[in-house]
């Protein structure tokens with residue numbers, strides 16, 4: 001799979017534009033644009049993301065066709081504001097949660113999927129490519145929290 005890169009400090013939107021043009025020229029069925037490392041509390045990085053979306057829509061007004069938000073299981077309730085912010089800028093269409101191999105249970109994932117109507121595409125339970133797997137609903141259980149509300153958690 002070809003990978004396009006640019007020198008550090010380059011405009012990410014320019015790279016996305018070039019990548020989409022190359023994908024079209026090459027007749028590619030899929031183009032993945034990885035915007036990893038974006039935090040919703042960093043206005044400069046959020047503006048870069050918004051610019052990437054604007055730029056690729058100049059080529060394809062319906063782009064991006066799918067936008068997966070990858071969440072870190074250790075983030076906890078902060079994931080709510082992440083989804084809200086990214087949803088506004090990039091029209092998130094699905095969720096992935098990583099770092100479920102540690103002590104974090106990722107209980108917020110099911111609540112986020114429900115609240116925002118987003119499918120959970122995968123969970124990460126390690127650092128290897130084979131450690132990214134579809135979420136099996138049989139591995140989730142419900143239990144009451146201290147206030148009596150039902151919460152979802154990963155079964156052991």
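One table, with the values for the structure above:
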| read-out | value |
| --- | --- |
| Unmet requirement for residue 29, which otherwise passes all of (1) under 24 Å from residue 108 (Cα atoms); (2) surrounded by fewer than 16 Cβ atoms within 10 Å (Cβ to Cβ); (3) modelled with pLDDT of 90 or more | (1) |
| Given (1) touching a strand residue (DSSP E or B) at 6+ places or on another chain (Cβ under 9 Å); (2) assigned to a helix (DSSP H, G or I); (3) surrounded by fewer than 17 Cβ atoms within 10 Å (Cβ to Cβ); (4) at pLDDT below 90, index of the condition residue 138 fails | (1) |
| Residues of segment 52-77 that turn out to be part of a helix (DSSP H, G or I) and buried (at least 16 other Cβ atoms within 10 Å of the Cβ), as a count | 6 |
| Residue 80 being at pLDDT below 90, within 18 Å of the chain's Cα centre (by Cα) and outside any loop (DSSP other than H, G, I, E, B) | no |
| Residue that is surrounded by the fewest Cβ atoms within 10 Å (Cβ to Cβ) [pool: residues in segment 87-107 that are part of a helix (DSSP H, G or I) and in contact with a helix residue (DSSP H, G or I) (Cβ under 8 Å, 6 or more places away or on another chain)] | 87 |
| Unique match (being surrounded by 18 or more Cβ atoms within 10 Å (Cβ to Cβ) and touching a residue at least 40 places away in the same chain (Cβ under 8 Å)) among 110, 83 | 110 |
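The values are calculated or read from the model by the stated rules, or taken from the named source; none is laboratory data. Quick caveat, the model's predicted, so the values are computed rather than measured. FYI the Cβ positions are ideal-geometry reconstructions off the backbone, even for glycines, and counts take in every protein chain you see.
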